[in-house]
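The values are calculated or read from the model by the stated rules, or taken from the named source; none is laboratory data. Note that the structure is a prediction, hence the values are computed from the model and not measured. Reconstructed Cβ throughout: ideal geometry from the backbone, glycine too, with neighbour counts over all protein chains shown.
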């Protein structure tokens, strides 16, 4: 009896999606609700939580350090988008050229950095961007006669180090995404364009870029998310969550600082909810503009 | 195109990629060199490319293999955790994705929007409530605490669903005609077709799992349960001079994945590129 | 179909591993490297201990053996977990906030301690086990870890700040460190050193407040007023940082990689002989012996220069309070052991022998055979005997208070303000006014 019920065509789909429903309810909905609730509370060690209305949120709006964190995260996200979408796309097209020598080797070497953990990669970059004369970056600068720099103590150079780390790790992965997109573009399109006398650049702009749109949307979505939620990279690069003048502080870093380092659970929860809203708004706007939902329906 | 022009394009392309690869590989070279140098050297001069035989030796490697530390425990933990996590996540996510793609049922759209939403919720904002939850479930310091929250991974479900949408419904109908049960169809007919997409997702999930840091770090507090990234991070403290082990350990943590990667290079790249993202 | 078989096999293995992982309790079965048994028998109670200093574990190991021998009916096994500084405090903080997963005993560093005293501290009162030793130890060190008269932490050391001079560099420049009494003397000496060797006399710290604290202590001031409210733009503070800034402008001080002497980058710089002096609490000695082996026999210890002669020449800097958590398995046992391991005379002698700290039991400071033991690694490393200096400044060791505002003050000064002043050259008064405003905003 039970067996027949479970095996019926009506019930089977629910059995298939059950694991997701459980995980969603237990590990997402419940914690999200308690985060939301906490964001309206003042929580003190060993005492009952007090409801304080929107106090946490109004305080956030004037919190300079928080605004700085938002600024850093937003700048980092925008710059990673600017670097990590066009360049990997270009590399993918070039490496896909039939005249390319050693294609497999280059694909692999571009992919290598993604195999290292952030802990390892961040430590390597921290030591490379060290301020000692002998560190890698400073010894390169010395070749051009530029004095040693304190990379990780200044806003601009600190951001460069963060971007270098992101670019190094993700160029290869994004390139592979685009390569997979390229596979879906039929060769006849290019042949037809060639007959019409289109230049390589025209072909790239008129055929490749538009037809890679689905891949680009996917990469864009995950990059927005990854950019706004970045934390461990900064933590490893500065060997902690306290960078000079907070140049490496991100939104999640601030959440971590308030909630875990300073025991302000309620305030940290508010930071989390603001981050959630920002991510949602940006991504939903982006998806609405690029028309993913239209296609889904 | 003329022969000579073709050749010029070839050479330009090649040189361009050699230069880029050079920049990508430099950090690896620097780590490799540093693995042979004493940690003190590293702290004093930073990471650099100096190939100086006078300060280089196998001491760090000797220490790695014979010293009194937990490195290989961490390494083994990471390996097991990665394998278990990847296999379970793939199996379960594929099953869920099949449910979404093969059937029309009440609440399907709502549930699928939930999948999309999860992809946009930064996991980090859940750290504290999730920590409490895991504790109340009595799962602190277990690998279940790491595996369970991610076992139905939204991105993986999304990817599989996209992949499955390319599979003709007739196949499923034919299965029913042959008398297969709903689950039989999935196991016997669909799973085998999904093989290429499994490869791609195995790589992505495997990378994530091998490198995962923040959440495992929060729930694991016993040194013998640490994974490699956590273990390596514990070496980064001014209160214990551990740079010797840190760098050689980092070097060695990259090495096996490289070997695996080079051995299965074709599957890696093909798997990644096969799973085309269809909009 | 070969792939399929593999896949099934892997799935089965995974499931088995997963299930067995679920079933296992979180306690590791014995025999691990981090469990110290100190000669304990089968019936010993296992206590867990978190620290961020590996050496503290070694000290406990010695004291554990003594404890187990003296208390056969109350034996202990100690499960030591060493984690990086930030990580350990963060994990402890979550564990205490959620009431879950905390160890029995933990080290909490002074800079983080006030955060753990917020609200109702989730720590046990240690008054009863401290009482028997109260007369022998420095009171102010206990007060640092107390709230409303309840003592929550047991101190490790006094942390008297002293000056460390690299005499090789000074000799090259023809400077005698014993003649440096005031900051004016120090400046003259520093200018000479820079002129003769091109090296800097000392560091301008951007990521720690040791120097600022010393200068405040000399003026009888503090980061907070009598009520514990922040006052980082006080005239004394402006004077202190202006003095340091002036030393930096005349090339006597320079910023250092890492931002202060107690970082791995700075150890390298000092070891290479790039800086001629450091002003640090007494425990910096162990960093010299551990990380700066090239300087062995070249470093001398002296009192810190003062603004005007007659001002106090030291303050107690840094420190670690060891606590017993409310969730401890056997609270009384943990407390008794802790007092034994850190407050008894034996313990204080060991703290000097193993860790090279200035023990809180000042009687030890005058035990010639302990402090002048020629086999002691610290005695060997330094040119003069550290305790000769300590005993000279004994009555001048001032206190910089630890208040609920302290972590915020420290965070703002060490991440923002000091960097602005010494790296960007921002006006001292302006930078401190901004810091004060920022701190007040954060504490609201």
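What the table shows:
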| quantity | calculated |
| --- | --- |
| Answer residue from segment B:134-146, given it is in contact with a helix residue (DSSP H, G or I) (Cβ under 6 Å, 6 or more places away or on another chain) and within 11 Å of chain A (Cβ to nearest Cβ) and is surrounded by the fewest Cβ atoms within 10 Å (Cβ to Cβ) among those | B:145 |
| Subset of segment A:56-68 [facing chain C (nearest Cβ under 10 Å), free of Cβ contacts under 8 Å to residues at least 12 places away in the same chain and surrounded by 12 or more Cβ atoms within 10 Å (Cβ to Cβ)] | A:63, A:64 |
| Boolean, residue A:72 is surrounded by 18 or more Cβ atoms within 10 Å (Cβ to Cβ), out of contact with any helix residue (DSSP H, G or I) (no Cβ under 7 Å at 6 or more places or on another chain) and modelled with pLDDT of 85 or more | yes |
| Hits in segment C:292-301 - residues which are crowded, with 19+ Cβ neighbours inside 10 Å and in a helix (DSSP H, G or I) | C:295 |
| Search result, residues across segment B:211-254 that are assigned to a loop (DSSP other than H, G, I, E, B), at the interface with another protein chain (Cβ under 9 Å from one of its Cβ atoms) and at pLDDT 85 or above | B:212, B:213 |
| Only listed residue being under 17 Å from residue A:136 (Cβ atoms) and free of Cβ contacts under 8 Å to residues at least 40 places away in the same chain, chosen from B:53, B:25, B:111, B:117 | B:25 |
| Every residue from segment B:35-59 that is over 20 Å from residue A:151 (Cα atoms) and assigned to a loop (DSSP other than H, G, I, E, B) | B:36, B:37, B:38, B:50, B:51, B:52, B:53, B:54, B:55, B:56, B:57, B:58 |
| Residue match in segment A:37-55 (condition: free of Cβ contacts under 8 Å to residues at least 12 places away in the same chain, surrounded by fewer than 16 Cβ atoms within 10 Å (Cβ to Cβ) and more than 29 Å from residue C:98 (Cβ to Cβ)) | no |
| Of all residues making up segment C:144-183, the number that are surrounded by fewer than 21 Cβ atoms within 10 Å (Cβ to Cβ), assigned to a helix (DSSP H, G or I) and either free of Cβ contacts under 8 Å to residues at least 40 places away in the same chain or in contact with a helix residue (DSSP H, G or I) (Cβ under 6 Å, 6 or more places away or on another chain) (or both) | 4 |
| Residue satisfying condition, being in a helix (DSSP H, G or I) and away from chain A (no Cβ under 13 Å), within set B:62, B:18 | B:62 |
| Qualifying positions in segment C:215-225 - out of contact with any helix residue (DSSP H, G or I) (no Cβ under 7 Å at 6 or more places or on another chain) and either farther than 20 Å from residue C:441 by Cα or in a helix (DSSP H, G or I) (or both) | C:217, C:218, C:220 |
| Answer residue from segment A:118-144, given it is within 22 Å of the chain's Cα centre (by Cα) and more than 12 Å from residue A:238 (Cα to Cα) and is nearest to the other protein chains (Cβ to nearest Cβ) among those | A:120 |
| Failed condition for residue C:109, given (1) closer than 21 Å to residue C:348 by Cβ; (2) surrounded by fewer than 23 Cβ atoms within 10 Å (Cβ to Cβ); (3) in contact (Cβ under 8 Å) with a residue 60 or more places away in the chain; (4) more than 14 Å from chain A (Cβ to nearest Cβ) | (4) |
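So that you can scan it fast, the table gives a plain yes or no per residue for (1) modelled with pLDDT under 90; (2) in the same structural domain as residue C:204 (by TED's automatic domain parsing); (3) within 30 Å of residue A:151 (Cβ to Cβ):
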position: C:380; (1), (2), (3): no, no, no
position: C:386; (1), (2), (3): no, no, no
position: C:399; (1), (2), (3): no, yes, no
position: C:407; (1), (2), (3): no, yes, yes
position: C:414; (1), (2), (3): no, yes, yes
position: C:420; (1), (2), (3): no, yes, yes
position: C:427; (1), (2), (3): no, yes, yes
position: C:434; (1), (2), (3): no, yes, yes
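Yes or no, residue by residue, for (1) exposed (fewer than 15 other Cβ atoms within 10 Å of the Cβ); (2) over 18 Å from the mean Cα position of the chain (by Cα); (3) within 30 Å of residue C:221 (Cβ to Cβ):
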position	(1), (2), (3)
C:350	no, no, no
C:353	no, no, no
C:392	yes, yes, yes
C:395	yes, yes, yes
C:403	no, no, yes
C:407	no, no, yes
C:414	no, no, yes
C:420	no, yes, yes
C:442	no, yes, yes
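Residue-by-condition table, conditions (1) under 23 Å from the mean Cα position of the chain (by Cα); (2) without any contact (Cβ under 8 Å) to a residue 12 or more places away in the chain:
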residue	(1), (2)
B:173	no, yes
B:183	no, yes
B:189	no, no
B:195	yes, yes
B:211	yes, no
B:221	yes, no
